[in-house]
Amino acid sequence: MAELKTNETKASVATFLAGVEDAGKRADCRRIAKLMRNATGKRAKMWGDSIVGYGRYDYTYQSGHSGSWMLTGFSPRARNITIYIMPGFKKFQPLLKKLGKFKTAKSCLYIKRLDDIDEAVLSRLVADSVREMQRIYGAS
């Protein structure tokens, strides 16, 4: 069975965020980090080389494959900032209607910059998604 390529590391989140080249994206990432810390009550951890994650849950699929993953997180990518909403978006449609300018795919919310969205709605979306993951997985 294949190993998960992205795992929690001991790398410094502060150093990673300081290395985000674009000053506007770097500032947005710091605001998102604070928002996620407030929503989860957890300290940020690096997951792989480029994902800042909060909390964790353990899963086991029917196939027997198991692992651990973050409850929520984000990654500054070349085109967008990717925000991970792990339970997906089906339950959160009313919030998405109020969020602003974004795109989604499975569990990824893509934004260009925080000014394009309502930060209070994002905060609620992250908090609600974390509670949903805790309900499903008994996550920490």
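Net charge near W69: determine it from the other residues with C-beta under 11 Å of the C-beta of W69, scoring Lys and Arg +1 and Asp and Glu -1.
-1
Taking the mean number of other Cβ atoms within 10 Å as a proxy for protection, how do you rank 33-40, 123-130 from highest to lowest?
Going by the mean number of other Cβ atoms within 10 Å, highest first, we get 123-130, 33-40.
Can you give me the distance in nm between label points at Y110 and R77, each placed 7 Å from the Cα along the Cα-to-Cβ direction?
About 0.6 nm, to one decimal.
Could you compute the net charge surrounding A127? Neighbours are other residues with a C-beta less than 15 Å from the C-beta of A127; K and R count +1, D and E count -1. Walk me through the numbers before you get to the answer.
On the way: positive: K34, R37, K42, K91, K98, R124, R131, R135; negative: D118, E119, D128, E132.
The answer is +4.
Quick one: length gained pulling K97 to S123 fully straight, 0.36 nm per residue minus the C-alpha distance? Please list the in-between numbers first.
Numbers: separation 26, 0.36 × 26 = 9.36 nm, distance 1.43 nm.
So the extension gain works out to 7.9 nm.
What part of the accessible area of the chain, given as a whole %, is carbon or sulfur when the probe is 1.4 angstrom? Can you show the working numbers first?
Details: 3910 of 8210 Å².
Answer for the chain is 48 percent, counting heavy atoms of protein chains only.
Give the average over all directions of the projected area of the C-alpha convex hull of the range 51-140, one decimal, in nm².
Averaging across all directions leaves 6.1 nm² for the Cα convex hull.
So how much slack lies between K34 and A18, counting 0.36 nm per residue of separation and subtracting their Cα-Cα distance, in nm? Display every interim value, and only then the final one.
Values: separation 16, 0.36 × 16 = 5.76 nm, distance 1.45 nm.
Gain on extension, K34 to A18, equals 4.3 nm.
Roughly how many Å² is the accessible area per residue of the chain, as a whole number, for a 1.4 Å probe?
Here the residues of the chain average 59 Å² of exposed surface.
Could you work out the helix-only [θ] at 222 nm for the chain, with each DSSP H run of four or more residues adding -39,500 (n - 2.57) and the total divided by the number of residues, to the nearest 500 deg cm²/dmol? Kindly include the intermediate steps, with their values, before the conclusion.
On the way: 4 runs with 50 residues, N = 140.
The per-residue figure over the chain is -11000 deg cm²/dmol.
For a protection proxy built on the mean count of beta-carbon atoms within 10 angstrom, sort 44-50, 92-98 highest first, please.
With the highest mean Cβ count within 10 Å placed first, the list reads 44-50, 92-98.
In a shell of Cβ-Cβ distance under 12 Å around G53, excluding G53 itself, what net charge do Lys and Arg (+1) and Asp and Glu (-1) give? Mind showing how you got there, number by number?
On the way: positive: R37, K42, R43, K45, R56; negative: E8.
In short, +4.
Compute the distance from the alpha-carbon center of the range 100-140 to that of the range 44-99, in whole Å.
9 Å
The values are calculated or read from the model by the stated rules, or taken from the named source; none is laboratory data. On a predicted model such as this, the values are computed, not experimentally measured, just so you know. Cβ sites come from the backbone with ideal geometry, for glycine too, and all protein chains shown count toward neighbours. Side chains included, ligands, DNA and RNA excluded: accessible areas come from the protein's heavy atoms. Shrake-Rupley method; radii C 1.70, N 1.55, O 1.52, S 1.80 Å.
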